[in-house]
Amino acid sequence: MLRRDWRTLQLIRAENERRLLAVLSREEVAALFRCGHAPPQSGFSTVYSCGLRLQEALFLEVSDIDGNY
């Protein structure tokens, strides 16, 4: 038994660790809104309130936003 090639031990692997997304507190979000100037702050508030991902925010265009509400 000691000289046997244990291939099953090579197949067993630990699961990958799944990380949770960082969630900002209300105070942290308010501090981020306060630290910017008018144009960047409006862009940040749009991205944050719509829940956009980074890639979606990078390719966001003015025509994507409906201003007639």
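The values are calculated or read from the model by the stated rules, or taken from the named source; none is laboratory data. Note that this is a predicted model, so its numbers are computed, not measured. Here the Cβ positions follow ideal geometry from the backbone for every residue, glycine too, while neighbour counts run over all protein chains shown.
Can you pull out the residues in segment 1-31 that are in a helix (DSSP H, G or I), of a type in the set (Val, Ile, Thr) and modelled with pLDDT under 80? I'd like the intermediate steps shown before the answer.
Of segment 1-31, the ones in a helix (DSSP H, G or I) are 8-11, 26-31.
The next check asks that each one be of a type in the set (Val, Ile, Thr); those that pass are 8, 29.
THR8, the sole residue that qualifies.
Name the residue that is farthest from LEU21 (Cα to Cα), counting only residues in segment 55-66 that are at pLDDT 85 or above and touching a helix residue (DSSP H, G or I) at 6+ places or on another chain (Cβ under 9 Å).
Among residues in segment 55-66 that are at pLDDT 85 or above and touching a helix residue (DSSP H, G or I) at 6+ places or on another chain (Cβ under 9 Å), the one farthest from LEU21 (Cα to Cα) is LEU60.
Kindly establish whether ARG34 is assigned to a loop (DSSP other than H, G, I, E, B) and either over 19 Å from the mean Cα position of the chain (by Cα) or modelled with pLDDT of 85 or more (or both).
Details: assigned to a loop (DSSP other than H, G, I, E, B): no; either over 19 Å from the mean Cα position of the chain (by Cα) or modelled with pLDDT of 85 or more (or both): yes.
Judged against the criteria, ARG34 is not a match.
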